[in-house]
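So the structure is just underneath, and the comments pick up after that.
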Amino acid sequence: MSESSRQFGLRALSPDHNREQFSSGVEPLDRYFRQQAGQDRRRDIAQVWVLEELESHLVAGFYTLSAAEIDLDNIPANLSRRLPRYPSVPALLLGRLAVDQRFRGQGLGRILLFDAFRRTCDISEQAGIFALLVDAKDDEAVTFYHRFGFEPTDDPNRLLIPLSRLRELMRAPR
């Protein structure tokens, strides 16, 4: 089957997903998905969303979302200026995002990211969220997130994108 005719679906991690074959090439992400993701989901620590190829049922990628907060002092000044002087503000954490090496170069990282953006915007209708945080694993990941408007915090691998910017991105044509 050609890459352009592949179809994918996104759904919550379930026991029928074959996690053993997943290989992003980043060992901590692979190990997490194989060994910890199911436990985190069952314990309500993280919601794990899986992108699978519909014909083969292969896991093409995944990401996690969790509740979080960020200290006001860690938010860039251009963003924190108008915030109340609380010690921290609510956020969601995109803790992990990975695409299997067999599916690289097809824009699936972007699909996963925009699904996380959409879910974050949806959740913000029910609970306060100032920003979506991400813990980038390496410089390549930092570059990927910067392309979508994420900004650094005091930790160079912890990035954030304010909800207001997410809403703008979600309205813009993709």
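The values are calculated or read from the model by the stated rules, or taken from the named source; none is laboratory data. Please read these numbers as outputs of a predicted model, since none were measured by experiment. Every residue, glycine among them, receives a Cβ derived from its backbone with ideal geometry; neighbour counts consider all protein chains shown.
If I ask for residues that are charged (D, E, K, R), surrounded by 12 or more Cβ atoms within 10 Å (Cβ to Cβ) and either closer than 15 Å to Pro15 by Cβ or in contact with a Cys (Cβ under 9 Å, 6 or more places away or on another chain) (or both), which ones from the range 27-78 would you list? Within the range 27-78, Arg34, Asp40, Arg41, Glu52 qualify.
Residues checked against (1) over 17 Å from the mean Cα position of the chain (by Cα); (2) of a type outside the set (Val, Ile, Thr):
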position: Tyr86; (1), (2): yes, yes
position: Cys121; (1), (2): no, yes
position: Leu133; (1), (2): no, yes
position: Arg147; (1), (2): no, yes
position: Phe150; (1), (2): no, yes
position: Ile161; (1), (2): no, no
position: Leu166; (1), (2): no, yes
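Within the range 104-120, the only residue that satisfies the criterion of being among the charged types (D, E, K, R) and outside any helix (DSSP H, G or I) is Arg104.
For the range 142-174, filtering for residues that are charged (D, E, K, R) and free of Cβ contacts under 8 Å to residues at least 40 places away in the same chain leaves 4. Take the conditions (1) within 18 Å of the chain's Cα centre (by Cα); (2) without any contact (Cβ under 8 Å) to a residue 60 or more places away in the chain; Ala77 misses just one of them, which is (1). Taking Leu92, is it out of contact with any Pro (no Cβ under 9 Å at 6 or more places or on another chain), farther than 22 Å from Gly9 by Cβ, in contact (Cβ under 8 Å) with a residue 12 or more places away in the chain and crowded, with 21+ Cβ neighbours inside 10 Å? The answer is yes for Leu92.
For Asp135, state whether it is out of contact with any strand residue (DSSP E or B) (no Cβ under 6 Å at 6 or more places or on another chain) and charged (D, E, K, R). So that I can check it myself, show each step before the final result.
Numbers: out of contact with any strand residue (DSSP E or B) (no Cβ under 6 Å at 6 or more places or on another chain): no; charged (D, E, K, R): yes.
Here the answer is no, as Asp135 does not meet what is asked.
If I filter the range 130-174 down to residues being of a type in the set (S, T, N, Q) and within 28 Å of Glu27 (Cβ to Cβ), which single residue comes out as modelled with the lowest pLDDT?
Within the range 130-174, the subset of a type in the set (S, T, N, Q) is 143, 153, 157, 164.
Now narrow it down to the ones that are within 28 Å of Glu27 (Cβ to Cβ): 143, 153, 157.
On the way: Thr143: 94, Thr153: 90, Asn157: 87.
Among residues in the range 130-174 that are of a type in the set (S, T, N, Q) and within 28 Å of Glu27 (Cβ to Cβ), the one modelled with the lowest pLDDT is Asn157.
This table checks each residue for (1) surrounded by fewer than 17 Cβ atoms within 10 Å (Cβ to Cβ); (2) over 19 Å from Ser66 (Cα atoms); (3) small (Gly, Ala, Ser).
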| site | (1), (2), (3) |
| --- | --- |
| Ser124 | no, no, yes |
| Asp135 | yes, no, no |
| Asp138 | yes, yes, no |
| Thr143 | yes, yes, no |
| His146 | yes, yes, no |
| Leu163 | no, no, no |
| Leu166 | no, no, no |
| Arg171 | yes, yes, no |
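Within the range 118-174, the residues that satisfy the criterion of being in contact with a helix residue (DSSP H, G or I) (Cβ under 7 Å, 6 or more places away or on another chain) and basic (Lys, Arg) are Arg118, Lys137, Arg167, Arg174. Here Asp115, Asp139 are screened, and the one residue that is in contact with a Phe, Trp or Tyr (Cβ under 8 Å, 6 or more places away or on another chain) and among the acidic types (Asp, Glu) is Asp115.
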